[in-house]
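Here is the structure we will look at.
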Amino acid sequence: MARALVDAHKKGVLLERSEQLALLAEQLEAVTRNKAGRMVLVGGEAGVGKTALVRHFADSQAGARVLIGACDPLFTPRPLGPLLDIAQATQGEFLDVVLAGRHPHDITTALARDLRRRPATVILEDLQWTDDATLDVLRLLGHRLDDVPALIVVTYRDDELDRSHPLRLLLGELRTETTVRMKLGRLSAEAVNELARPSGMDGAELYRQTGGNPFFVTEVLAAGDADIPHSVRDAVLARAGRVSPEARSLLDAVATVPPRAEIWLLEALAPNEFGRLDECIASGMLLADGSGATFRHELARIAVAETVSPDRALALNRRALVILSQPPRGTADLARLAHHAEAARDAGAVLRFAPAAGARAAALGAHREAAAHYARALAYSEGMPARKLAELLQHHSHECFLIDRFDPAIASEKRALDIYREMADRIKEGDSLQRLSHLQRCGGRSREADESIHAAIDILETQPESRELCVAYAGMAMVCMNADDIEGTFKHGPMAISLAERFGDTESLVHVLNTIGTMEMLTGELRAGREKLERSLELALEAGYDEHVGRAYLNLADVMVRLRIYEGFDALIERGLDYCTGHGLDLWRLYLHDSQAEAQMQRGHFTEAVQTADLVLRNHETYLPRFLALVVVGRVRARRGDPEVWRALDEARAMASAGIELQLLGVASAARAEAAWLEGRLEAIGGETEEAFQLALRLRSRTCLGELAVWRRRAGIQDGELPIEVPEQWAAELDGDHVRAGQIWTELGCPYDAALALSGSRDETSLRDSLAELQRLGARTAAAVAARRLRELGARGLPRGPRETTRENAFQLTQRETEVLELVAQGLRDADIAERLFLSEKTVNHHVSAILRKLGVSTRTQAAAQLR
C-alpha cells in the first residue's frame with residue numbers, strides 16, 4: 001500500500017508536466033551542444049510539484065552528473081546552505097573553499113572551475129529561503145555561464161516573494177539570453193479525476209476542495225478517508241494519524257530539526273522511537289537516504305510541528321541544542337545552534353551562538369542573515385555587561401548599514417552611544433558619534449550627520465591623540481566632500497593623513513586618500529586625484545578592506561560620470577560590480593548601477609539607462625541609490641515624452657530637500673529644470689533652480705554651477721558673469737557659441753547634450769542636425785522643440801521622425817525591423833529573411849545592424865533573447 005501511495009504521489013505531481021520536462025531537456029541539450037551554461041527558473045506555489053519535477057528530470061539523466069542543494073526553513077538561513085550540500089558531494093577544492101568561509105567571489109570561481117572540469121546539472125531548491133551569500137554566488141555564476149557548461153535549475157515559491165525580497169531582485173538582474181523562466185500551475189480537473197479514479201473518490205469534489213494543488217491531492221488520496229479534509233494540514237495529519245504512537249513521536253522529532261534529521265542526530269534525539277524510522281518511511285511521511293531523514297515536503301513538516309505540544313517542543317529543542325553542539329565530525333553549525341537556542345528559550349545559548357553565527361555570516365557576505373543573528377542576540381541581552389552590549393549593538397548597526405536598513409542601524413548606534421556616555425568613555429563616545437554621522441548621511445539625514453561629526457571631533461580633540469580622532473578627521477573630510485565643501489575637504493583630509501601615518505592606520509589612510517582624490521578630480525586636478533583614488537583602491541585590495549574597495553570603485557565611477565570621462569568606464573563598472581557582488585557589498589553594487597545608468601543616459605542609451613535604474617528601484621529599502629535612479633528615470637521619460645515624469649522627479653526633489661547637500665539638490669534641480677524646459681514652462685525654471693544655483697555659487701562647484709547656469713540661460717535668465725570657470729561645454733553655450741558647445745559634447749561622447757546645445761542656435765543647418773540627432777535618439781520631446789524653432793525660421797520639409805508604430809515600440813524599432821527581429825529569433829539567416837520579406841540581403845543586413853544598435857546588444861542570439 002505504501003509503495004502504491006508513493007507511486008500515486010509521483011504520478012500526481014508529474015501529470016501535465018511533459019511540456020516542462022521537455023523544456024528542461026531542451027536546455028540541457030543546448031548546454032551540451034554549445035559548451036555554455038543555461039539557467040532555468042522554476043516558480044510556483046508550495047505543493048505544486050517543483051521538487052518532484054526537477055528530481056524526476058535529474059533521475060532521467062542516466063549516468064549524468066547531477067548536484068542538488070536545498071535551502072533551509074530555519075528562522076535565519078545558514079549561509080551557503082545549498083552550496084554546502086553540493087560541495088559535500090563534489091569534495092575537492094570547492095568543498096575546501098566553502099568550508100573555509102571564503103567570499104562568494106572565491107566560491108563562484110571554485111564552483112565554475114569544478115563545472116568546467118566535470119559539467120553537471122546543478123539543482124538549487126527553495127530559494128525563497130536562501131541567504132545573501134548564496135544569492136551572490138548565483139548572481140556571479142549567472143554572468144559567467146558563457147564558459148561554464150552547466151545547467152543551473154532554481155526552484156522557488158513565487159507567491160512568497162514580496163517586492164523587496166532579495167531573490168526577486170536577483171531574478172531581475174539575470175541575463176535574459178541565458179535564462180529561461182518556468183511557472184508550474186496546478187493540476188486540471190481532468191488530471192485530478194484521473195488520480196482519484198482508482199480510489200473510488202469523487203474526483204470533481206476532490207478538485208473543488210484541493211483546487212488541483214498536487215501535494216494536497218496526493219495527501220488526501222494517501223489518507224484514504226471517505227471525507228475530504230478541508231486543508232493540507234488536515235490531510236497531512238490524517239495520514240500521520242495512521243502510524244503507531246511511537247512512529248508519531250519520531251515524526252515530532254524530525255519536524256523539530258529542519259531541514260533534515262541526520263541519522264546520528266535522530267538516534268540521540270529520540271532513542272526510544274528511533275526503531276520506528278522504517279514505519280515512517282513506509283507510510284510515505286518521510287524520505288530517507290543513508291545519512292538522514294526528512295519530510296516529503298515542508299508543508300508536511302510544518303503541519304506536524306504545529307501539533308507538537310509546547311513543553312515537548314521545548315524539550316526536543318533543548319536536547320537538539322546539546323546534541324548539535326557536539327557533532328560526531330566536523331564543526332558545529334552555528335546557524336542551527338542559534339535556531340535551536342532561540343526555540344529552546346535558552347538566553348545563555350542564544351548569546352553564545354547567535355553573535356558567533358552573525359560574525360560567520362558577515363564574513364561570508366551574508367549580511368542580511370548576520371543582521372538577523374545580531375538582532376536575535378539583542379532580544380536576549382538583558383543583564384549583559386554594558387561594554388559587550390554596546391559592541392553587540394554596533395555589530396548589528398554595521399550589518400544593517402550594509403543591507404541599506406538605516407533606521408535600525410541608526411537606532412542601534414544611538415543605543416551604543418548612550419551606553420558609552422553612561423560609562424563616561426569619551427573616546428568611545430566620540431568614535432560612536434563619527435559612526436553615527438556616517439549612518440545618518442547615508443540614510444538621508446545630512447543635517448544630523450553634520451552635527452554628529454562635529455560633536456565627535458569636539459570630544460576627541462579634548463583627549464590624547466588617538467586612532468579614533470584620525471577616523472573622525474577622515475569622516476569629516478568625507479562629509480565635506482559629499483557637501484561639495486572644497487575647503488573643508490582639503491583641511492581635514494591632510495589632518496587625517498598625518499595621524500594615520502603616525503598610528504600606522506592603513507585603513508584610515510585608504511579612506512582619506514579616496515576622499516581627497518575624489519575632490520581633486522572634481523576640482524580639475526585629474527591626474528593627481530586619480531592617482532590617489534587608484535592608490536586607495538590598491539591599498540584596500542592588498543589589505544582586504546572590502547568596503548573601502550567598494551567605495552573606491554563607486555567614487556571613481558561617480559567622478560567619471562560627473563566629468564563625462566568614459567574611457568575605461570565600462571571595464572571599471574564591470575570590475576566593480578563583480579567585486580561588490582562577490583564580497584556581499586549590495587549597497588555599493590546599487591551605487592555602481594546608478595553610475596552605470598547615468599552614463600548610459602548621458603551617452604544616449606535611454607532604454608538601457610532605464611533598465612539599469614530599474615535594478616536599483618526594485619530594491620525598495622534603498623535611499624541614496626534610489627534618489628539617483630529616480631533622476632535617471634525622470635529625465636529619460638521627459639526626453640522621450642513618456643508618462644509620469646513628475647512622479648519620479650517629485651520624489652527625487654523631496655529626498656534632496658531633506659538634506660543639505662548640493663550633489664543631491666543640484667542634480668534634482670537640473671533634472672526638473674530640463675523637464676520644465678521640454679514642456680515649454682520656461683517661467684518655472686528660475687524657481688526650480690534658484691536654491692541650488694545659489695548654493696553652487698557659494699561652494700564654487702564647477703560642474704553643478706555650469707549645468708544650472710545653462711538651464712537658467714535657456715529660460716532667458718541672465719545671471720551675469722560667473723565668479724569661477726565652469727567646464728568648457730557649458731561655458732561655450734553661456735558664451736552663445738552653440739556650435740562649439742555641440743562639438744565639445746560630441747567629443748565627450750554625449751549626443752543628446754550635443755543636439756540640445758545645437759537646438760539653441762539660430763542657424764538652420766545646426767538646427768536640422770539637432771533635430772535629426774534627437775529623432776535618432778528617440779528624444780521626441782526635445783526633437784519637437786528643435787522642429788518648432790526650425791518652423792519659426794521658416795524651414796520646410798522637416799523629417800517627421802519615427803512613425804507611430806515605432807514610437808509605441810519600447811526599443812524604437814520600426815514595423816519592418818520588428819518583422820526582421822521575429823525572423824532572426826526563429827534562427828533564419830539574412831538570405832532566408834530577404835527571401836521571406838522580398839528584400840535584398842544587403843537591406844536585411846542593414847536592418848539587423850539597426851536592431852542590434854537599438855537593443856544595445858552585440859549578437860543575434862542576444863537580440864532574440866530581448867524579443868522573448
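Given (1) under 21 Å from Val610 (Cα atoms); (2) open to solvent by 50 Å² or more (accessible area, probe 1.4 Å); (3) modelled with pLDDT of 80 or more, where does Arg791 come up short, assuming only one miss?
(1)
Residues Leu95, Leu53, Leu24, Leu28: which one is among the aliphatic types (A, V, I, L, M), more than 25 Å from Leu299 (Cα to Cα), buried (at least 22 other Cβ atoms within 10 Å of the Cβ) and at pLDDT 90 or above?
Leu24
Got at least one residue in segment 507-522 being surrounded by fewer than 23 Cβ atoms within 10 Å (Cβ to Cβ) and farther than 17 Å from Met481 by Cβ?
yes
Could you tell me which residue of segment 514-563 is farthest from Pro494 (Cα to Cα), considering only residues that are touching a residue at least 60 places away in the same chain (Cβ under 8 Å) and over 26 Å from the mean Cα position of the chain (by Cα)?
Result: Leu563.
Across segment 73-87, what is the total count of residues that are assigned to a loop (DSSP other than H, G, I, E, B) and farther than 12 Å from Thr134 by Cα? Talk me through it step by step, then tell me what you get.
Narrowing segment 73-87 to residues assigned to a loop (DSSP other than H, G, I, E, B): 73-80.
Filter once more, keeping what is farther than 12 Å from Thr134 by Cα: 73-76.
Residues in segment 73-87 being assigned to a loop (DSSP other than H, G, I, E, B) and farther than 12 Å from Thr134 by Cα: 4 in total.
Just wondering, is there one or more residues in segment 736-759 that are of a type in the set (Val, Ile, Thr) and either in contact with a Phe, Trp or Tyr (Cβ under 8 Å, 6 or more places away or on another chain) or not in a helix (DSSP H, G or I) (or both)?
Scanning segment 736-759, I find no residue that is of a type in the set (Val, Ile, Thr) and either in contact with a Phe, Trp or Tyr (Cβ under 8 Å, 6 or more places away or on another chain) or not in a helix (DSSP H, G or I) (or both), so the answer is no.
Could you figure out which of (1) touching a residue at least 40 places away in the same chain (Cβ under 8 Å); (2) of a type in the set (D, E, K, R); (3) at positive phi isn't true of Glu644?
It fails just one condition, (1).
For segment 453-480, what are the residues that are farther than 26 Å from Leu533 by Cβ and either under 36 Å from the mean Cα position of the chain (by Cα) or open to solvent by less than 20 Å² (accessible area, probe 1.4 Å) (or both)?
So the first thing to find is which residues in segment 453-480 are farther than 26 Å from Leu533 by Cβ, and the list is 454-455, 458-466.
Hits for segment 453-480 are His454, Ala455, Ile459, Leu460, Ser466.
Taking segment 56-70 only, how many residues are under 27 Å from the mean Cα position of the chain (by Cα) and either modelled with pLDDT under 90 or aliphatic (A, V, I, L, M) (or both)? Spell out the reasoning first.
As a first pass, look at segment 56-70 and keep what is under 27 Å from the mean Cα position of the chain (by Cα): 67-70.
Among the residues that remain, those that are also either modelled with pLDDT under 90 or aliphatic (A, V, I, L, M) (or both) are: 67-68, 70.
So the count comes out to 3.
Conditions tested, residue by residue: (1) modelled with pLDDT under 95; (2) surrounded by fewer than 18 Cβ atoms within 10 Å (Cβ to Cβ); (3) within 16 Å of Leu592 (Cα to Cα).
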| site | (1), (2), (3) |
| --- | --- |
| Gly524 | yes, yes, no |
| Arg530 | yes, no, no |
| Glu534 | yes, yes, no |
| Asp546 | yes, no, yes |
| Ala557 | no, no, yes |
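Out of curiosity, is Gln440 within 30 Å of Pro355 (Cα to Cα), touching a Ser or Thr at 6+ places or on another chain (Cβ under 9 Å), part of a helix (DSSP H, G or I) and open to solvent by 10 Å² or more (accessible area, probe 1.4 Å)?
Values: within 30 Å of Pro355 (Cα to Cα): yes; touching a Ser or Thr at 6+ places or on another chain (Cβ under 9 Å): yes; part of a helix (DSSP H, G or I): yes; open to solvent by 10 Å² or more (accessible area, probe 1.4 Å): no.
In short, no.
Being within 27 Å of Leu855 (Cα to Cα) and either touching a residue at least 12 places away in the same chain (Cβ under 8 Å) or small (Gly, Ala, Ser) (or both) is true for just one of Asp763, Asp769. Which residue is that?
Working: Asp763 fails: within 27 Å of Leu855 (Cα to Cα).
After ruling out the rest, the residue left standing is Asp769.
For Arg502, which of the numbered conditions (1) surrounded by fewer than 17 Cβ atoms within 10 Å (Cβ to Cβ); (2) of a type in the set (Lys, Arg); (3) under 28 Å from the mean Cα position of the chain (by Cα) fails to hold?
Answer for Arg502: the failing condition is (3).
For residues that are loosely packed, with under 15 Cβ neighbours inside 10 Å, touching a residue at least 60 places away in the same chain (Cβ under 8 Å) and either under 21 Å from Val31 (Cβ atoms) or of a type in the set (D, E, K, R) (or both), tally how many sit in segment 161-174.
1
For the subset of segment 297-353 comprising residues that are part of a loop (DSSP other than H, G, I, E, B) and closer than 22 Å to Ala379 by Cβ, which member is most open to solvent (accessible area, probe 1.4 Å)? Talk me through it step by step, then tell me what you get.
Taking segment 297-353 first, the residues part of a loop (DSSP other than H, G, I, E, B) are 297, 306-309, 325-333, 344-346.
Keeping just the survivors that are closer than 22 Å to Ala379 by Cβ gives 325, 332-333, 344-346.
Values: Ser325: 45, Ala332: 35, Asp333: 48, Ala344: 0, Arg345: 164, Asp346: 62 Å².
This residue is Arg345.
Looking at (1) touching a Lys or Arg at 6+ places or on another chain (Cβ under 9 Å); (2) assigned to a loop (DSSP other than H, G, I, E, B); (3) of a type outside the set (D, E, K, R), which one does Met384 not meet, given that it meets all the others?
Condition (1) is where Met384 drops out.
Take the residues in segment 760-779 that are assigned to a helix (DSSP H, G or I) and open to solvent by less than 30 Å² (accessible area, probe 1.4 Å), then tell me which one is farthest from Glu674 (Cα to Cα).
So in segment 760-779, the residues assigned to a helix (DSSP H, G or I) come out as 764-777.
Then drop every residue that is not open to solvent by less than 30 Å² (accessible area, probe 1.4 Å), which leaves 766-767, 770-771, 774, 777.
Numbers: Ser766: 21, Leu767: 19, Ser770: 17, Leu771: 17, Leu774: 15, Leu777: 17 Å.
Per the criteria, the residue is Ser766.
Report the residue count in segment 691-726 for those that are in a helix (DSSP H, G or I) and surrounded by 15 or more Cβ atoms within 10 Å (Cβ to Cβ).
Initially, segment 691-726 is screened for residues in a helix (DSSP H, G or I), giving 691-699, 702-714.
Imposing the further condition that a residue be surrounded by 15 or more Cβ atoms within 10 Å (Cβ to Cβ) reduces the set to 691-693, 695-697, 699, 702-714.
Final tally of qualifying residues: 20.
So for segment 354-373 (the condition being free of Cβ contacts under 8 Å to residues at least 12 places away in the same chain and open to solvent by less than 50 Å² (accessible area, probe 1.4 Å)), does at least one residue qualify?
Of segment 354-373, the ones free of Cβ contacts under 8 Å to residues at least 12 places away in the same chain are none.
No.
Among the candidates Ala62, Ala58, which residue alone is open to solvent by 20 Å² or more (accessible area, probe 1.4 Å), of a type in the set (A, V, I, L, M, F, W, C) and under 22 Å from Leu21 (Cβ atoms)?
On the way: Ala58 fails: open to solvent by 20 Å² or more (accessible area, probe 1.4 Å).
Criteria check complete, one pass: Ala62.
Need the failing condition index for Pro82 against (1) within 14 Å of Glu369 (Cβ to Cβ); (2) open to solvent by 20 Å² or more (accessible area, probe 1.4 Å), just the number.
Single failed check for Pro82: (2).
Would you mind finding the one in Ala270, Ala320, Ala255 that is in contact (Cβ under 8 Å) with a residue 12 or more places away in the chain and under 23 Å from Ala46 (Cβ atoms)?
Details: Ala270 fails: under 23 Å from Ala46 (Cβ atoms); Ala320 fails: under 23 Å from Ala46 (Cβ atoms).
Only one candidate qualifies: Ala255.
The conditions are (1) touching a helix residue (DSSP H, G or I) at 6+ places or on another chain (Cβ under 7 Å); (2) over 30 Å from Leu402 (Cα atoms); (3) open to solvent by 10 Å² or more (accessible area, probe 1.4 Å), and Ala676 fails exactly one of them. Which is it?
Condition not satisfied by Ala676: (3).
Looking at Leu439, Leu433, Leu389, can you tell me which residue is in contact (Cβ under 8 Å) with a residue 40 or more places away in the chain and touching a helix residue (DSSP H, G or I) at 6+ places or on another chain (Cβ under 9 Å)?
Details: Leu433 fails: in contact (Cβ under 8 Å) with a residue 40 or more places away in the chain; Leu389 fails: in contact (Cβ under 8 Å) with a residue 40 or more places away in the chain.
On inspection, the qualifying residue turns out to be Leu439.
Could you tell me whether Ala386 is within 17 Å of Ser412 (Cβ to Cβ) and open to solvent by less than 10 Å² (accessible area, probe 1.4 Å)? Spell out the reasoning first.
Numbers: within 17 Å of Ser412 (Cβ to Cβ): yes; open to solvent by less than 10 Å² (accessible area, probe 1.4 Å): no.
Against the criterion (within 17 Å of Ser412 (Cβ to Cβ) and open to solvent by less than 10 Å² (accessible area, probe 1.4 Å)), Ala386 does not qualify.
What helices (runs of 4 or more DSSP H) completely inside segment 104-221 contain at least 1 residues that are of a type in the set (Ser, Thr, Tyr)? Don't jump to the end; show me each part of the working.
Numbers: elements: 104-117, 132-142, 166-171, 189-196, 203-210.
Those helices (runs of 4 or more DSSP H) span 104-117, 132-142, 203-210.
Among the residues that make up segment 273-294, is at least one of them more than 41 Å from the chain's Cα centre (by Cα), touching a residue at least 60 places away in the same chain (Cβ under 8 Å), surrounded by 17 or more Cβ atoms within 10 Å (Cβ to Cβ) and outside any helix (DSSP H, G or I)?
Within segment 273-294, one or more residues are more than 41 Å from the chain's Cα centre (by Cα), touching a residue at least 60 places away in the same chain (Cβ under 8 Å), surrounded by 17 or more Cβ atoms within 10 Å (Cβ to Cβ) and outside any helix (DSSP H, G or I).
The values are calculated or read from the model by the stated rules, or taken from the named source; none is laboratory data. These figures come from a predicted structure and were not determined experimentally. Positions of Cβ are generated from backbone atoms using ideal geometry, with glycine treated the same way; all protein chains shown enter the neighbour counts. To get the accessible areas, we keep the full protein, side chains included, count just its heavy atoms, and leave off ligands, DNA and RNA. Shrake-Rupley method; radii C 1.70, N 1.55, O 1.52, S 1.80 Å.
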